[in-house]
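Colleague: The structure's right below; bear with me while I get my questions together.
Since every read-out is calculated from the coordinates, none of them should be taken as a lab result. Not measured: the values here are computed from a predicted model. Using ideal geometry, Cβ is built from the backbone for each residue, glycine included, and neighbour counts are taken over all protein chains shown.
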Amino acid sequence: MAVRFLPPLLMLLAAVAAYFLFPYNLAFLTRIVIMVVLVLSLDLVLGFAGIATLGQAAMYGAGAYAAGLFAIHVWADPVAGLVAGALAGAVLAALSGAVLMRTQGLTLIMLTIAVAQICAEIANRARGVTGGADGLRGIRPGKVLGVWEFDFIGITGYWYALAVMLLVFAVLAILGRSPFGLSLRGIHESPARMEAIGVSVYRRRLAAYTLGGGIAGIAGALTAQITQLVSLETFSFSLSAEALIMLILGGTGRLYGAVLGTVIFMAVHHVAAANDPFNWLFVIGALVLAVVFFLPAGIAHLPTSLKRLSKGGRYAGS
C-alpha cells in the first residue's frame, strides 16, 4: 500500500522544491503543471484504452474558451470555471467520439485532427464571442475558494494548478485500479477478446474518450484562468503532437510516466530554446530518438530496464 502513495508524494515534494528553487520562474512551472494535466488526459485515452489520437487539443481549447466565457459572462469563481471547462471538453469528446470511436487506425487519427481544426475555425469565425484571431480577453477570475486571489507573481496560480493536477492524478490512479480501468486495459490489449466475453468495447472506449476530454478541458480551463487569455493556439495541432511526444517519452499506461515525460520535455525545450532559438528542435529530436531506441517503453520503465540488465550481467558472469 505504501508504494502506491510514493509517486504522488514524490511529485508533491518535487513541486515544493521547485517552488523554492525557482521562485522567479513560477509562470513556467505553472505551465508545466497544466501540461501534465493535459498529458494525463491523453494517457487515459491512449495509454489505458489504446485510442490513437492527435486531436486532444480540441477538448483543451473547448475547456479554455468555456472557462473564459463563463468567467466573463456568468461567474468568476475559478472552481466553477473548472467545472464549465470540464463539461465543455467532455461534451465535445462525447459528441465527436460517438462517430470517432467507430473508426480506428489512421482514419481515427486523421478524424481527431479534423475535429480540432474545425473547432479552431469555428472559434476564429465567431469573432463576436471568442475574439477571433485576437483571442478572448477580459478574463478576471475571482478568488480561489473565496480566499486566495490570483497575484501578479503567480504564487496562487502555481499552487492552484498543482492542487488540481494532484487531484486529477489521484482520480485516475483510483480509476486505473477499478473494474472500468482494468477493462480499458483489456480493450487496449485485445478488443476482440473483450467483445467475446461480453464487454461493449464501443461504449467503454466512448466513456474513456469522454472522460479524457473532460480532463483535457480542465487543463484548458486552468490555462484560461491563470493566463487570463485564450487564443486560437489552444486548438493547434502542435499542442496535440507535443502532448503525444511527452507521453511517449515518459511511457504510456503509467500515470507517473506522463508526469515525468512532460517535465523532461518542457525542461529540455526551455533550456534548448534559450541557448539556441533556431536549432532547439534538434535537441528534442535527439532526445526522442534516444528514448525510442534505448527505452521504447518510456523513461518511466528505466528502473525495470536497469534491473533486467543487472540480472543479465550476473547470469553472464556466473
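Colleague: Taking 0.36 nm per residue of sequence separation and subtracting the Cα-Cα distance, how much length would be gained by fully extending the chain between residue 174 and residue 241, in nm to one decimal?
Modeller: Length gained, residue 174 through residue 241: 21.4 nm.
Colleague: Taking θ as phi - 60°, what are the ³J(HN,Hα) couplings along the range 259-275 by the Karplus curve (6.51, -1.76, 1.60), each to the nearest whole Hz, with x for Gly and Pro?
Modeller: Going residue by residue, I get 5, 5, x, 5, 4, 5, 4, 6, 5, 5, 4, 5, 5, 5, 5, 5, 7 Hz, with x marking Gly and Pro.
Colleague: Report the FRET efficiency, 1/(1 + (r/R0)^6), for residue 24 and residue 196, where r is their Cβ-Cβ distance and R0 is 51 Å, rounded to 0.05.
Modeller: About 0.35, to the nearest 0.05.
Colleague: Only Lys, Arg, Asp and Glu count, each charged at its Cβ (+1, +1, -1, -1), so figure out the dipole size of the range 22-175 about its Cα centre, rounded to 20 debye.
Modeller: Approximately 220 debye in magnitude.
Colleague: Sorted by packing (mean other beta-carbon atoms within 10 Å per residue), highest first, where do 229-239, 28-38, 278-288 land?
Modeller: 28-38, 229-239, 278-288
Colleague: Can you compute the helix-only [θ] at 222 nm over the chain? Use -39500 (n - 2.57) per DSSP H run of at least 4 residues, normalise by all residues, nearest 500 deg cm²/dmol.
Modeller: Value at 222 nm, helices only: -24500 deg cm²/dmol.
Colleague: Please list the equivalent ellipsoid semi-axes of the range 1-95, computed as the square roots of five times the alpha-carbon gyration tensor eigenvalues, in descending order and whole angstrom.
Modeller: Taking √(5λ) for each Cα gyration eigenvalue gives 26, 21, 13 Å.
Colleague: Let me ask something else about it. Amide H of residue 103: which non-local residues (sequence gap of 5 or more, or other chain) have their own amide H closer than 5 Å, using H built in the peptide plane?
Modeller: Correct list: empty.
Colleague: Stokes-Einstein at 37 °C, 0.692 mPa s, Kirkwood radius from Cα pairs: D for the chain in µm² s⁻¹?
Modeller: Answer, rounded: 162 µm²/s.
Colleague: Want the number for residue 74 to residue 121: 0.36 nm per residue separation, take away the alpha-carbon distance, what's left?
Modeller: Taking 0.36 nm per residue and subtracting the Cα distance, the gain is 14.5 nm.
Colleague: OK, next. What are the ³J(HN,Hα) couplings of the range 194-199, residue after residue, when phi is run through the Karplus curve with 6.51, -1.76, 1.60 and θ = phi - 60°? Round to Hz, x for glycine and proline.
Modeller: 5, 5, 5, 9, x, 8
Colleague: What is the spin-label model distance, in nm, from residue 148 to residue 270 if the labels are put 7 Å beyond Cα along the C-beta direction?
Modeller: That separation, rounded to one decimal, is 1.8 nm.
Colleague: Determine the relative contact order of the chain: mean sequence separation of Cα pairs under 8 Å and six or more apart, normalised by residue count, in whole percent.
Modeller: Relative contact order of the chain: 31 percent.
Colleague: Report the rotationally averaged projected area of the range 223-292 based on its alpha-carbon convex hull, in square nanometres.
Modeller: 5.6
Colleague: Taking every alpha carbon pair in the range 105-150, what does the distance histogram look like in 5 angstrom bins from 0, in percent?
Modeller: 5, 18, 14, 11, 12, 13, 14, 8, 4, 1
Colleague: Something else: What's the FRET efficiency of residue 114 with residue 293 using the Cβ-Cβ distance as r and R₀ = 30 Å, to the nearest 0.05?
Modeller: So the FRET efficiency works out to roughly 0.40.
Colleague: A follow-up question, please. If the only charges are +1 at each Lys and Arg Cβ and -1 at each Asp and Glu Cβ, what is the size of the charge dipole of the chain around the Cα centre, to the nearest 20 debye?
Modeller: Roughly 940 debye, rounded to the nearest 20.
Colleague: Considering every Cα-Cα pair within the range 187-318, what fraction, in whole percent, is farther apart than 19 Å?
Modeller: So the portion of pairs separated by more than 19 Å is 66 percent.
Colleague: Another question, then. Sort 198-209, 240-251, 121-132 for me by packing, meaning the mean count of neighbouring Cβ atoms within 10 Å per residue, highest on top.
Modeller: Ranking, from highest mean packing down: 240-251, 198-209, 121-132.
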